[in-house]
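The values are calculated or read from the model by the stated rules, or taken from the named source; none is laboratory data. All of these numbers come straight from a predicted model, not from anything done at the bench. Counting neighbours? That spans all protein chains shown, and the Cβs are built from the backbone with ideal geometry, glycine included.
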Amino acid sequence: MNILLSGEWRGRPDPKQTGLNQEWFRVNNSGPDIPEWKSVDVPSCWNADPRYERYEGIFWYATDFDLPGEADSEIAIRFLAVNYLCRAWVNGREIGIHEGGYLPFEFNVPNERLLPGGNRLVVMAENFRSSRRIPGALFDWFNYGGIVRDVELLIRSPFRFKDARVRTSILSDGGAEITVNYQQIQTFPFSWLVTECGEPDKPIASGVIESHALDGSFEIIIPNAKLWSPETPSLYMLELKPAPGVNAENHSVRFGVREIRTFGPRIIFNGKPIKLKGDSLHEELMPYGRSIPREERFRDARDIKKLGFNALRTAHYTHDEALLDAADEIGLLVLEEIPVYWDIDYESRSVYEKAESMLRDMIARDFNHPSVIQWSVGNEVPVENEACDLFIQRLLAEARSLDETRLVTYVSSRFLIDETRKASDVCCVNCYLGWYFGDEKELAGLLTATRETAPDKPWLVTEFGACARSGFRSPKRRSKYSENRQAEFLAHYIRTINGLDWISGWFIWIYRDFKSPMRNHKYQQGFNRKGIVGVEREQKLICEMLPSLLDEKILPKSESIMKFLAPAFKKLEEFAWRFAQPMIARAAKKEYDDFFTGIK
Ligand code: ADA
């Protein structure tokens, strides 16, 4: 049985860092009678509370819970995420410490620590940044601290499943072979049943497993399988039930039948080459910060799909699993990532172990989500540095050893000096040519040259974007930071990349504007504004263009001819305005723009 402990707790900041010495974790020091403890919601980010917006440090939480009388149960507390470090005590005795801000973990609570009546849970959360943490000391998003996702009390029988992973393969006769690998804490016989989600009363397949070992596997055939895809996100349910008379826990797994692999420079999805048209998303929605309600995550996934995207990158860390539930149901292909981002201490063994632990936890949590097709082990990491190259190569190998059913990658910002990308299944490169440097007209040339570092691999352009302050329109001058400039920039990138048929897809950076202490000029004012929607989800100009842009049939065009003609159209436009020939001027401008954005 799981009991949700989320709700109204008590909390207090610890700016002087005296809480441990003063033993705030003791029952007598954490009760509702002590005025310093104020009402606080769990989950929540303390930085979303204006009083603590800029506070980085330690925050204490306390709550009380009863224990239903379940003799012989094993008790644990599961935190779905605490950013960044978490220590917890029950009735004044420490139960565990965990590092990492974006994945679940649990602490076992020895029965002798528990009281039949009220029990006190005290949690210390701390979000200091450091190069020996993941992410490191500097990152382009807001460092929300707190018990940022739900907390559950787990009351469990030792006769239960620890895990069950479903692998699917599509058969030539239209059926599917399902391989179930399961782990039990203590062995017990069980039955299994597969139904289609939404049709619980129509068994598709069933069976019984005697189970004489803690780890086991079995195969299932689903005839006439309904494949999972962005267009048809069909889902099945696998239920594992203890055999009659066995006192053990059920376990269910929702899954989808789909296959992802590469073939030369192509990404093959359910047997066909696929083009990813995606955008990225940070886990932030005002006024919640990172603690976004489930229905709001479903709304984001629906809105992204409605714009015409078929893919989503969960930047730059694992989001709450609710977003993957939404992607499974709505049909988005997900590139998930651990927050190995920019500079961390790549020389440190303990930092590598933290990264590997996050990778393992991400795959353990999300293995059965059909929407997840790629694991990324890092973003914009300095692979020209030998220690980083080794760090990333080890993570790629570890990801492959944990999950041979998905593609493994990392996201690079290096063009010609990246030798590590050959170890990826898919080469992912971020490109801001024309925004931070150079001229976007050279985009096709730069990407084509970059491809030479790994010509036989599939490629994705995993980030490109331009900042636009919502409401700032500049139709004629297309001033920087205007919605018009952003729309022109993104349209050019999408059309140019679509015109390079060796690229398997792209992700706009980013869906929604997000808070970042790095972004402070007058158009940013504390936010990274490369979103195609603003902080309040207000759509920017590009959103009007996206449905048709994403639907355009682009033929690669001969750059050489148009490169020659484009300046001529510019000159013609200038002369036509000078001689008061607006029709000619507008026609010339359209030709120039069409080249500039590659529409032909
Ligand atoms: C990088 C980075 C993103 C963001 C982006 C930007 O590509 O991966 O997190 O910082 O640049 O907005 O410049």
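Restricting the first member to the range 277-296 and to residues that are free of Cβ contacts under 8 Å to residues at least 40 places away in the same chain, and the second to residues that are in a strand (DSSP E or B), the beta-carbon pairs closer than 7 Å and six or more apart or on different chains are 292/285; 296/285.
Just one of the listed residues (75, 34) is in a loop (DSSP other than H, G, I, E, B) and among the β-branched types (Val, Ile, Thr), namely 34. The condition (being at pLDDT 95 or above, under 16 Å from residue 282 (Cβ atoms) and surrounded by fewer than 20 Cβ atoms within 10 Å (Cβ to Cβ)) is satisfied by just one residue among 322, 326: 322.
Which one is surrounded by the fewest Cβ atoms within 10 Å (Cβ to Cβ) among residues in the range 414-437 that are of a type in the set (Asp, Glu) and farther than 22 Å from residue 334 by Cα?
Once the filter is applied, the top-ranked residue is 419.
Just one of 410, 436 is over 13 Å from residue 506 (Cβ atoms), free of Cβ contacts under 8 Å to residues at least 24 places away in the same chain and within 16 Å of the ligand (Cβ to nearest atom); which is it? So the residue among 410, 436 that is over 13 Å from residue 506 (Cβ atoms), free of Cβ contacts under 8 Å to residues at least 24 places away in the same chain and within 16 Å of the ligand (Cβ to nearest atom) is 436. Report whether or not residue 363 is within 16 Å of the ligand (Cβ to nearest atom) and farther than 25 Å from residue 450 by Cα. In short, no.
Within the range 102-111, identify whether any single residue is surrounded by 16 or more Cβ atoms within 10 Å (Cβ to Cβ) and either small (Gly, Ala, Ser) or within 16 Å of the ligand (Cβ to nearest atom) (or both), and answer yes or no. Scanning the range 102-111, I find at least one residue that is surrounded by 16 or more Cβ atoms within 10 Å (Cβ to Cβ) and either small (Gly, Ala, Ser) or within 16 Å of the ligand (Cβ to nearest atom) (or both), so the answer is yes. Screening the range 515-532 for residues that are surrounded by fewer than 20 Cβ atoms within 10 Å (Cβ to Cβ) and of a type in the set (Gly, Ala, Ser) and picking the one that is nearest to the ligand (Cβ to nearest atom) gives 516. Of all residues in the range 413-433, those satisfying the criterion of being under 18 Å from residue 267 (Cα atoms) and within 16 Å of the ligand (Cβ to nearest atom) are 421, 427, 428, 429. Answer yes or no: is there a residue in the range 501-511 that is acidic (Asp, Glu) and away from the ligand (no atom under 15 Å from the Cβ). Yes, there is a match, as at least one residue in the range 501-511 is acidic (Asp, Glu) and away from the ligand (no atom under 15 Å from the Cβ).
In this structure, does residue 358 turn out to be in contact (Cβ under 8 Å) with a residue 60 or more places away in the chain and over 26 Å from residue 227 (Cβ atoms)? Yes; evaluated as a whole, the condition is true for this residue. Would you check if residue 208 is in a strand (DSSP E or B) and in contact (Cβ under 8 Å) with a residue 60 or more places away in the chain? Here the answer is no, as residue 208 does not meet what is asked. Scan 103, 80, 67, 85 and give me the residue that is in contact with a His (Cβ under 8 Å, 6 or more places away or on another chain) and of a type in the set (A, V, I, L, M). On inspection, the qualifying residue turns out to be 85. Just to be sure before I move on: is residue 240 modelled with pLDDT of 95 or more and out of contact with any Asp or Glu (no Cβ under 6 Å at 6 or more places or on another chain) in the structure I sent? It is true that residue 240 is modelled with pLDDT of 95 or more and out of contact with any Asp or Glu (no Cβ under 6 Å at 6 or more places or on another chain). Restricting attention to the range 374-407, the residues that are buried (at least 24 other Cβ atoms within 10 Å of the Cβ) and either assigned to a strand (DSSP E or B) or modelled with pLDDT under 95 (or both) add up to 6.
Summed over the range 438-486, residues that are crowded, with 21+ Cβ neighbours inside 10 Å and modelled with pLDDT under 95 total 0.
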